[in-house]
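Engineer: Got a structure for you, questions after.
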Amino acid sequence: MSVSAKISHHVSNAAAGLRHVFVRDLEVMATLGIYEHEKLKPQRIIVSIDLSVREGSDPVHDDISNVVSYEIIVKKVEAIIAQGHVNLVETLAELFAAACLKDKRVMAARVRIEKPDIIPNAKSVGIEIERIKS
């Protein structure tokens, strides 16, 4: 199956029983970048994560342990940032995606990282990746 076929299969497919769990526009401070000043002083980044999560056949029963929690996603992001400086936004996005894909219920992860304070006449710059569990 091609990557594009895998993506369309996982993006929004009611028959496959997928739900999307997301964190949108999470503002955090991170030491991120290739320049010396970026290595010394944390800068504001904006993180958005959208996970395609396979719904189980069992009912949720109104119990947080039966779902992928957006609170846990935020804690994963914060823990990765706390590990220290990363040169590239691409590397940081890969770390976030890999952490989310460790959950067996997560089939795909879309991660967007924006640096809003880098280019004065741009609202933000950054990258977005999507990774599919193979």
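Bear in mind these aren't lab numbers, they're just calculated from the coordinates by the rules spelled out. Source: prediction; values computed, not measured. A quick note on method: Cβ atoms are made from the backbone with ideal geometry, for glycine too, and the neighbour counts reach across all protein chains shown.
Engineer: Is there any pair linking a residue in segment 38-55 that is touching a residue at least 12 places away in the same chain (Cβ under 8 Å) to one that is surrounded by fewer than 19 Cβ atoms within 10 Å (Cβ to Cβ) and aromatic (Phe, Trp, Tyr), with Cβ under 8 Å and at least six apart or on different chains, and which?
Structural biologist: SER48/PHE22; ILE49/PHE22; ASP50/PHE22; LEU51/PHE22
Engineer: Where in segment 34-134 are the strands (runs of 3 or more DSSP E), entirely inside, with at least 2 residues that are among the small types (Gly, Ala, Ser) and surrounded by 15 or more Cβ atoms within 10 Å (Cβ to Cβ)?
Structural biologist: Qualifying strands (runs of 3 or more DSSP E): 43-54, 106-115.
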